[in-house]
Amino acid sequence: MRDTPNPDYRPPRHGRTALVLAATVAGMIGLTYASVPLYYLFCAVTGYGGTTQRAAEGDAPTVVSDRVFTVQFDANTSGDLPWTFKPEQASVTVRAGEQKVVFYKAINHADRPVTGRALFNVTPDKTGPYFTKIACFCFEQQTLQAGQEVDMPVLFYIDPEVVEDRNVDEVKTITLSYTFFRDQDDEAKAAAAPAPATPTN
């Protein structure tokens, strides 16, 4: 007895399924790469996670408040960065709206140029929307020549609008922290550099 073909039967479309799966995976990968810059943009706009703000000098406030803060300075380096990096002052006192310049010192102990990039934040996190930098070495990567020692300035102010935020009324001390990492391009160049020749007798 022969089976009668079912006129409503449609063979499975494996090609379409594979295409949908491939598109889904590609979309997930794209979102992964996009999420990093979007996250940093979100932090920069909101101050989330203690991310500080950035302003041009002409945008700095002209009003200085009586509210006084102590700003402490912290410095760290990743293990693969052959630098000494430290603040030149442990802390400063600043009024909200007042511009202040401080310096960090960096020394490259390697026998070749090394490029680093600094990440930063402030604590308590909720002060991030008010801590504003006008100039900072952290705005771009820094290259130090072999044995070079440099002073790196930071020009900042605390937005006087902080006095209107009841959520930070109890804050008297803010810590500005930097961590220098070796730039990825610099790591690649170091890995590709030829090894020094071994002297022969």
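A short reminder: the numbers here are calculations on the coordinates, not readings from a lab. If you're wondering where the values come from, they're calculated on a predicted model, not measured in any experiment. Counting neighbours? That spans all protein chains shown, and the Cβs are built from the backbone with ideal geometry, glycine included.
Numbers at a glance
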item	result
Gain upon complete extension [ASP125, ASP169; 0.36 nm per residue less C-alpha separation]	14.5 nm
Sequence-distant residues sharing a close amide H with THR52 (under 5 Å, placed H)	VAL122
Cα→Cβ-extended label distance, 7 Å offset, between LYS86 and GLN141, nm	2.7
Other-chain or far-sequence residues with amide H under 5 Å of ASP183's (modelled H)	THR115, GLY116, ARG117
15 Å reach of a label modelled at ALA110, 7 Å along Cα-to-Cβ, counting backbone N of segment 66-87	77-85
